[in-house]
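Presented below is the structure to which this report refers.
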Amino acid sequence: MPKSANQKLKLLYLMRYLQHSSDEDHPVTIQQMIDELSKDEIKAERKSLYDDIETLRSFGLDIVQQNGNYYVASRDFELPELKLLVDSVQSSKFITQKKTLGLIKKIEQLASVYDAQKLQRQVYVRNRVKSMNESVYYNVDEISGAITQDRMICFKYFDYTVSKQRKFRKDGSWYEISPFSLIWDNENYYMLGYDAAAGLMKHYRVDKMTEISALKKRREGKEAFRKIDMPNYSKEVFDMFSGKIETVTLRFASHLVGAVIDRFGTDTVIVANDSEHFTVNVDVAISPRFYAWLFGFGTEVEVIYPEEIRSEYAETLDTLKKLYE
């Protein structure tokens, strides 16, 4: 690149250097700025740099002068916020290990080189449970595009065998579904879509979808989707296991209030029975995962009503007991 062209980029190179290489604990001198710019064949004098710094301040860059040195005092993301983003990426099962490391590298670029080193110390990815589907990013993008364009999509859907190989459902036949929403639940991404053949809204794990493409067909099932109360949807449906929605009365030990609020939200009406128990009425999709959630509390939860759900749960427990007799 000719020197004159580089000279026109002087402000951009200076801004990048200050953002990348300075913070409150590591201010830089005017001479360091001159030396850094010279690496890109940009000539800079002290007086011109003072003017450049003022221009960057006017642009909104928070440059602070300290004893004749300079540093960027604030950025779009502070270090605790970046740590939160890194933790979120690390804990997401649907993001593969390779993509996790790539995303964290990009997050590090939002910090100074010194804060990036602190973020690197937070990286513990290797032993986390991660998706094996590398294309999940593109799946999300393809689904989002189809929703925006009001189009149906087709895809193939698979599970894993004991040898960790893909086994396609429906013998590898195509699914044609009308997508309506992407849902983040229990550390997985799900697509909520309408299956016209079954006349039902269904869930699909995004990391188990492949070969997704938008069709020219307009989406069906809009009326069925409008009937869903999306803000409360993940409270009712456990791990995206569909089932008939029922209002269930549950009796818990008092110390489990936090667990109930975590599951159903702070707007849940909690009624104290005595000093040791409380009851709640909640709408849930009756499924094996709902019963599994109840089982996790052992004798500290009881299904009170309706009687058929109470009996069905008791039968489930009897079946489990017989397995070990």
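Values quoted throughout were computed directly from the atomic coordinates according to the rules given, and no laboratory measurement underlies them. These numbers come from a predicted model, not from an experiment. Cβ atoms come from the backbone with ideal geometry, glycine included; neighbour counts cover every protein chain shown.
Observations on the model:
- Under 25 Å of direct C-alpha separation, and excluding same-chain neighbours fewer than eight residues apart, Lys217 reaches these lysines: Lys156, Lys170, Lys202, Lys208, Lys227.
- Label-to-label distance, Ser74 versus Lys105, with points set 7 angstrom from Cα along the beta-carbon direction: 3.2 nm.
- Remark: relative contact order (the chain) = 11 percent; criterion is Cα-Cα distance under 8 angstrom and separation of 6 or more residues.
- Lys, Arg +1 and Asp, Glu -1 on Cβ, resulting dipole of the chain about Cα centre, debye, nearest 20: 1580
- Within-11-Å neighbourhood charge of Thr268 [Cβ basis; K, R +1; D, E -1]: -1
- By the rule of a C-alpha distance below 14 Å, with chain neighbours fewer than 8 residues away ignored, the aspartates and glutamates paired with Lys244 are Glu236, Asp283, Glu308, Glu312.
- Cα gyration tensor shape for segment 223-323, rounded if a/c is under 1.5, else prolate or oblate: oblate
- Estimated at 0.36 nm per residue, the fully extended path between Glu315 and Ser91 surpasses their Cα-Cα distance by 77.1 nm.
- Estimated inter-spin distance, Asp274 and Asp141, nm [label 7 Å along Cα→Cβ]: 6.1
- Considering only Thr299, Val282, Tyr190, and ranking their Cα positions along the charge dipole of the chain that arises from unit charges at the beta-carbon of Lys, Arg, Asp and Glu, the one farthest toward the positive end is Tyr190.
- Estimated at 0.36 nm per residue, the fully extended path between Lys43 and Arg166 surpasses their Cα-Cα distance by 38.4 nm.
- By the rule of a C-alpha distance below 19 Å, with chain neighbours fewer than 8 residues away ignored, the lysines paired with Lys105 are Lys83, Lys93, Lys118, Lys130.
- For Ile304 and Lys98, the FRET efficiency from 1/(1 + (r/R0)^6), where r spans their Cβ atoms and R0 equals 56 Å, is about 0.70.
- Among the chymotrypsin sites (Phe, Trp or Tyr not before Pro) found in segment 225-303, those both in a DSSP coil and sparsely packed, with 15 or fewer other Cβ atoms within 10 Å of their Cβ, are Phe297.
- Of [x] 1.00; [y] 1.12; [z] 0.97, the label for Rg/Rh (Cα atoms, Kirkwood Rh) derived from the coordinates: [y]
- Chain lengthening between Val113 and Phe59 when straightened (0.36 nm per residue, less Cα-Cα): 17.2 nm
- Highest mean packing first, where packing is the average number of other Cβ atoms within 10 Å per residue, the peptides 55-61, 93-99, 152-158 line up as 152-158, 93-99, 55-61.
- Two-decimal Rg to Rh for segment 174-256 - Kirkwood Rh, Cα set: 1.04
- At R0 = 51 Å, FRET efficiency that the Cβ-Cβ distance of Asp262 and Asn67 yields, to 0.05: 0.55
- Residues whose amide H lies under 5 Å from that of Ile95, counting only those 5 or more places away or on a different chain, are Ser131; hydrogens are built 1.01 Å from N in the peptide plane.
- With only the Cα atoms considered, segment 139-214 has a convex hull volume of 96 Å³ per residue.
- Label-to-label distance for Lys222 and Thr249 is 4.2 nm, based on points extended 7 Å past Cα in the beta-carbon direction.
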